[in-house]
Amino acid sequence: MKEIKRYAGVDFFRIPAAALVVAIHTSPLASFDAGADFFLTRVLARIAVPFFFMVTGQFVVSGLWDMQTGRVMRYVKKTALLYGIAMLLYLPAGIYAGHYQELTFADVLRMLVFDGTFYHLWYFPACITGICLLYLLSRFLNKKQVFAAAVLLYIIGLGGDSYYGLAKQVPFFADFYETCFSVCSYTRNGIFMAPLFFMLGVLADEHIPDDRRILWAGLCVSFPAMTEEAYLLRAFRLQRHDSMYVLLPVVMFFLYRLLRGRQIKGIAYVVPVSTRIYILHPAMILVVRAAAKVTKFTILTENSLVHYAAVLLLSAAVSLLLVIIRKRTGQVQKASAFGARAWLEVDHAALGHNVKMLQEMLPQSCKLMPAVKADAYGHGAVLVAKELQKAGVDAFCVACAAEGVRLRRQGIRGLILVLGYTHPQQFPLLVRYKLTQTVVDDVYAERLNRYGKTIHVHIGIDTGMHRIGVRSEHMEQILHICQMRNLSVDGLFTHLCTSDVMTERFVNYTVAQAQAFYHVVEQMQAHGYACPALHMQASYGVLNYPELAGDYARVGIALYGVLSTKEDTEQWSNCLKPVLSLKARIASVRTLYQGESAGYGIQYTAERDMRIATLSVGYADGLPRALSCGVGSVLIHGCLAPVIGRICMDQMTVDISGISNVRAGEEAALIGRCGDLEISVCDVAKQAGTITNEILSRMGARLERVRI
């Protein structure tokens, strides 16, 4: 998927960055040349921690400006927990090394909040402190102002780090930094250093042209210049600590943008392994030293390069082992999710395939705006939207403001268009969560405008469906809406109501709708209005009228691999793959004797002795009650098992007489494939006398959505 490829370089670089952190604490070249070791550990390796800060900035701290503060706070809690575990891990080593002798309360506070309780653990409180600081600033300042504040803090931090030798020559600065050092041992912390690199990460997704030649040129100029800066500072002995250079943010800007553009294949485990290497490598230093002492293999400590290699390899091996154990444990936990009474499986590969196929049917200038309303047609709106976002989709449409708010709170960015009516009491949600509202008619436009705050809107144009929108022939009303002070008109759309049927009458009606829409666009242009984003196609429009493509296509049911009817789905089965399967657990297996009846209303009476199974799923889960009494079937062990009796709210019964070895706890497929057979949602819809859209969108909220 596009998003994964785009950031594969960032993920890959985590391992070299972790290796550079290990180098800082082991000095690999110290046995050979002090100058070379200085370059490796005090120049090259200084890109490692800023890199990790920038990754956190892009993928976490950016949530402060994207209405995702919940995600940011979860990260802070997770980091605090990790910090606590690491503190406990290194407590014995710190006691043994005498780090905690005669500590005052102020010393303990300084270690916890700034310095870390072991030398490499400063990174975790720096993350927590830096993010909390940016959170406070973001409440009062916009993104650019916060960035400027972070730059200022970094400049101040330089005076207490690499440029301390100059700063202390001025009495005021000398006193200032002495006061700082009474609170924190270094300015390399979450107040002075971390915020700038967090903000560089936040700004990584800003629309800055990424000409790789310019980026490479910038890196090739800035890194040697930073190297020269470091050696000059070293020559004049100005550093108090050498973690912060003037040119380090410049180097990181070019390097990070180059890594973002690397389209390399992702490597499994790199993210969790790199984190564990960072945490565990000091412990591995102790292990290697102990091993050298016990085995008398002194080269492990006497040769700095061998020592580094041993520590790095051991750290990587232990980290990989822990990740593998965690992954297998996670697989067991994931498998236990399938122990639920009933669940939906969402095939992310099929979803990605459908995105690709639908996009290929459209011109490059037309982007998908997937409909994720009704919980993404029952598939799970958050789950689906996150997968689509990874695939590069940055526009979505929903039915109501509440659906849009839910997506925002779960980290979904980009355009979210509310297709339906939003009550004026919920107008604040449109502004707060940056939702785009549909103008359903001219009276509604007036109400939106009277709210008094800028609301982004798309104007619905009624070209013949007569459901919502301003009539296409009412140009004065449309132009008046464009003039409203508090409405930012970002789009114009209509809905093709007969694009699913290709008979002459309906084709003519669709063409007439399109012509009416284009006439509105022409009239707007004639009156001097720049036409905003245009869209009229839904799923059937993309398939049957690709030439009508605008700036967006509001794909819905086709995105999920089916169309409204079985016949339509079969026509496009070579292009689309179904995304959803419905599974349920067998709760009980029993014998129904000849003459006995089963279920409510004793609708089914056994004509012979038979085996029946009760499934833990019912109409409250979205299974149509119309499938009762033999209309529908399920799949067990790759065989059809007809429904007997009435489907209940939470349970249903099927005939398993012809299926051997069926046991309680096993699964049955109500929608999906089992063995060589498949029951499609089209089959279920046809049996129930409805369309797939209804079946899918009524899937119950209590069904767990599982990504496969």
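Things to note:
- Contour minus Cα-Cα distance for Tyr231 and His637 (0.36 nm per residue): 139.0 nm
- Under the combined filter of DSSP loop state and at most 15 neighbouring Cβ atoms within 10 Å, region 483-563 retains these trypsin sites (Lys or Arg not before Pro): Arg485.
- On Cα atoms only, tilt of 143-159 relative to the major axis of the chain in degrees: 20 degrees
- Cβ-based net charge around Ser633, under 13 Å, with every Lys or Arg adding one and every Asp or Glu removing one: -2
- Of the solvent-accessible surface of region 362-457, computed with a 1.4 Å probe over protein heavy atoms with every protein chain present, carbon and sulfur atoms account for 51 percent.
- Separation of the Cys220 and Ile299 label points, Cα + 7 Å toward Cβ, nm: 3.9 nm
- Measuring between alpha carbons in the structure, the pairs from Lys77/Lys390; Lys78/Lys327; Lys143/Lys356; Lys373/Lys583; Lys78/Lys143 lying more than 27 angstrom apart are Lys143/Lys356.
- Principal axes of region 130-237: Cα extent on each, largest first, Å: 44, 40, 18
- Gain on full stretching of the segment that runs from Leu322 to Tyr421 - 0.36 nm per residue minus C-alpha separation: 30.5 nm
- Each of Gln101 and Glu547 was given a label point 7 Å from its Cα along the Cα-to-Cβ line. The distance between the two points is 8.8 nm.
- DSSP-defined antiparallel bridges as percent of all bridges, the chain, nearest 5: 55 percent
- Å² per residue, accessible surface of region 369-560 at 1.4 Å: 41 Å²
- Note on Thr187: accessible area is roughly 0 Å² with a 1.4 Å probe, heavy atoms of protein only.
- Calculated FRET efficiency for the pair Ile85/Ala399, C-beta based, R₀ 45 Å, to 0.05: 0.55
- Among the chymotrypsin sites (Phe, Trp or Tyr not before Pro) in region 547-622, those located in a DSSP loop and surrounded by at most 14 other Cβ atoms within 10 Å of their own Cβ are Tyr593.
- Spatially, region 128-203 and region 594-634 are offset by 69 Å when compared through their Cα centroids.
- Pairwise centroid distance, computed over Cα atoms, of region 353-430 with region 296-320, Å: 50 Å
- Here the label points at Phe39 and Cys575, each 7 Å from Cα along the C-beta direction, are separated by 5.8 nm in the simple model.
- Residue-level accessible surface for Phe176, protein heavy atoms, 1.4 Å, Å²: 80 Å²
- Computed from the C-beta positions of Ala349 and Asp490 and an R0 of 25 Å, the FRET efficiency is 0.15 to the nearest 0.05.
- Theoretical gain in end-to-end length, Ser182 to His480 [0.36 nm per residue, Cα-Cα removed]: 100.9 nm
- Annotation: Cα Rg of region 468-606 relative to the compact-globule expectation 2.2 N^0.38 Å equals 1.69.
- Probe 1.4 Å, all protein chains present, accessible-area order of Asp37, Asp442, largest first: Asp442, Asp37
- Within region 552-585, backbone nitrogen closer than 15 Å to the virtual label 7 Å beyond the Cα of Glu360 toward Cβ: 572-577
- Charge tally in the Cβ shell below 15 Å around Tyr96, where Lys, Arg are +1 and Asp, Glu are -1, Tyr96 excluded: +2
- Isotropically averaged projected area of the chain, using the convex hull of Cα atoms (one quarter of hull area), nm²: 40.6 nm²
- Between Leu112 and Glu704, the C-beta separation translates, for a Förster distance of 30 Å, into a calculated FRET efficiency of about 0.15.
- Net charge of Cβ neighbours under 10 Å - reference Pro578; Lys, Arg +1; Asp, Glu -1: 0
The values are calculated or read from the model by the stated rules, or taken from the named source; none is laboratory data. On a predicted model such as this, the values are computed, not experimentally measured, just so you know. All Cβ positions, even for glycine, are placed from backbone atoms using ideal geometry, and neighbour counts span all protein chains on display. The accessibility values were calculated without ligands, DNA or RNA, using every heavy atom of the protein model including side chains. Shrake-Rupley method; radii C 1.70, N 1.55, O 1.52, S 1.80 Å.
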